[in-house]
1. Evaluate the charge dipole of the range 106-157 about its Cα centre and quote only its size in Debye, nearest 20, assuming +1 on the Cβ of each Lys and Arg and -1 on the Cβ of each Asp and Glu.
2. The range 203-276 to the range 468-540: how many Å between their Cα centroids?
3. Give me the number: length gained by fully extending PHE594 to TYR233, i.e. 0.36 nm times residue separation minus the C-alpha to C-alpha distance, one decimal in nm.
4. Between LYS366 and ALA660, what is the label-point separation in nm under the 7 Å Cα-to-beta-carbon projection?
5. Does anything in the range 726-748 have its amide N under 15 Å from the 7 Å Cα→Cβ label point of THR586, and if so which residues?
6. With +1 on each Lys and Arg Cβ and -1 on each Asp and Glu Cβ, and nothing else charged, work out how big the dipole of the chain is about its Cα centre, in Debye to the nearest 20.
7. Can you pull out the cysteines in the chain that have no other Cys Cβ under 4.7 Å?
8. If you build the convex hull over the alpha carbons only and average its shadow over all orientations, what do you get for the range 87-179? Give it in nm² to one decimal.
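The values are calculated or read from the model by the stated rules, or taken from the named source; none is laboratory data. From a predicted model like this one, the values you see are computed outputs, not experimental measurements. FYI the Cβ positions are ideal-geometry reconstructions off the backbone, even for glycines, and counts take in every protein chain you see. When the accessible area is computed, the model is the full protein with side chains, heavy atoms only, and any ligands, DNA or RNA have been set aside. Shrake-Rupley method; radii C 1.70, N 1.55, O 1.52, S 1.80 Å.
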Amino acid sequence: MNYSLGFPDLSRELSISPKQSLEAVVSYFRSKHLEADSPVRAIHHQPAAEGTFADIPALVDPKLRAALEKRGIARLYGHQAEAFDQIQAGKHVVIVTPTASGKTLCYNLPVLNLLMRDEGARAMYLFPTKALAEDQLHEFQRAVEEMGSEIRAFTYDGDTPQDARRAIRQRANVVLTNPDMLHSGILPHHTKWARYFENLRYIVIDELHYYRGVYGSHLANLLRRLKRICEFYNSKPQFICCSATIANPRELAEALTGEPFELVERNGAPRGEKFFIFYNPPVVNRQLGIRRSYIAETRRMALKFIENNLQTLVFANNRLATELLITYLKDACDRGPIPSETVRGYRGGYLPRERREIEQSLRDGKIRAVVATNALELGIDIGSLDAVVMAGYAGTIASSWQRAGRAGRRQGTSAAVLVASSAPLDQYIVEHPDYFFGSSPEHAYINPENLEILLAHLKCAAFELPLRDGEQFGKHDLGEICRFLEESGFLHHSAGAWHWTSDTYPADATSLRSVTSDNFVVVDITGEAKVIAEVSFPTALTSLHEKAIYLHEARQYHVERFDYDQRKAYVKSVDCDYYTDAIDYTQVKMLEEFESDAQGAVQSSDPGAARRAHGDVRVNRQIVGFKKIKFYTMENVGAGKLNMPEQEMHTTAFWLHFPAAFLARFTDFTPTEKQSGITGLGNALRTVAALLLMCDPRDLGVALSEEISGGLEVFEPNLYLYDMYPGGVGQSAPLYRLAPELLRQTAGLLAACACEAGCPSCVGPTGETGERGKLVAARILAELCAR
């Protein structure tokens, strides 16, 4: 079977013998980089660097010092020593250094040192995934064994056997868990953890940059609940946070915890030589902006390294792409001298035992290549790899560097290749390497005051402990909210406090990854009926409507029936060559304007100039149809009409207002072309906004109001970028502040795109934005940026 999809096989063009080194592969890419219109858009060389070291502090316990020396650690990296000193001084600390720089020791060292002095002390480690917690447990226990200590550490999550949980609560010095388990399995049962909370001294939050948007807003409220419990048990733990490189780590840590932080960001770890290559698949249709399949190109890039006996990790952004690449690489290996058994997959759906076996085989060098989702992006120990190939941009610069950092973790020479897809975000990054390799421009934002999220956690807090009159929990008036909950039958006021009276268990009704818990269940009726997935309410409307193709575990399911009232979708397994994309009709109405700027890049003293603003809006959205999109070619192969219930949502938005006098400047375009151009501009703005906010483009909605001014037939539209979650999660105000940068980078996205008249990588396909949509959008941006 030919998996090259009709494109010339680059691996045949590149005849490098297996004996040649990684440098020879990089040399090939360098030669391609010199060619005109080369698909190799950048080669970033990061030279090896010496580390900066400091003596192990005198406060470190002798047994712990001896254990470190036994592992070859005679001195600490500079940032490890700085973090230890700040923590010993009683400060809350956030550490921001690159992947494989020894961040784990930054928190393990003070925690172990405390536990050597005080056997009754307790610590809590929070990780975003169970796999990472398990990996860090092994690292912690190894240190404990080398010290010959009786310190006890355990993971506590959904996989922990019931008969082990009581012993862990009573005996554990360190509990490694995740926010979901803390939310539903620990805090609601805090009386069983009384001894633990009375002695809790440290709370470690790893991978801090993951907690942004909805998830971060939930975690901030979860930590409010945790601090309430600690206060009840007369403890006041210190926070130690670790993050990948982002622009606002201290701001994020303080927003999540409500505490002041010290920032440790001077990396003292040595690093090996690294080559980071940006590869943009060649254009095969310039008019439509169609490029070669990035999946097929990723396969070719990976084979370069695999065939040269270089241990390689391939990252894909979804399960379908992961399974495709595993199949493609195994088939390629079957046709050559490399056993296909040395290529494995790794993703969330695999059993824990299978994942541990793959991790160990990577460390032992038995596996030549692994294709993984982001499950291997975090700091799980997989030994020293030679190369990383990324099938598509990871979504954030921080995540991309984490993936690239999985190669060369032992200071050896390594390479990373980013193969860009046709997605606008990928195209912006691959065509703007200076933006990627410069100082981090990414800000992580949260909004813990989102009323839906706050209300859910306030119910949980009241279940855990009565809410006292005058108690602070966020910035809202608790009295008013509690009276509302009393009217709803959840609370009762007595003896100066609000008590939980409902017989429900509120934590079960709250998901930390969505604003509301009103989810749809997906029922597979191919054979015996069985539930295969749970989908959030907003996603269900676009992915589970009748006649939709629902993708799950790399399989396709046709939606037979969509039961809106019962929140169920009934599906049957099918084999087809297309997926569906919902078509929606959205209206946005401005309710309240918080700020409006008449200065800077968007505004001037000219009354006919455009204006930027942000505030509260009402969004009315209805799914009216769907398109059938063919895999790989992305052709539109059909459509259908739908009649779904209209949804109304109050949220926050950033918008640009275009007065009639501003639009009148563009005399060489028709009114229809101007409208199409502004629509295309919205698509491009959403791409760059997602980049700046570290969010998924799907977290932002785009809408163009078509209101007329003052009852007259004058077109003065607002172009809205609105938060897709009820109440907003803190994305509109930053966009308002970042508007000049947003516009400048969007202009760069359009200028760098190779298409002639618009494509999915910039303003959208010409069928949606017209033949002159890209030109209109570029002209409007030029006018906005000039002022």
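1. Dipole size: approximately 140 debye.
2. 26
3. Here the segment from PHE594 to TYR233 would lengthen by 125.9 nm.
4. Calculated label separation equals 7.6 nm.
5. Under 15 Å, as judged by backbone N against the label point of THR586, lie 726-729, 731-732 of the range 726-748.
6. 1860
7. That list is CYS106, CYS230, CYS241, CYS242, CYS333, CYS460, CYS482, CYS576, CYS695, CYS785.
8. On the way: hull surface 26.9 nm².
So the Cα hull casts an average projection of 6.7 nm².
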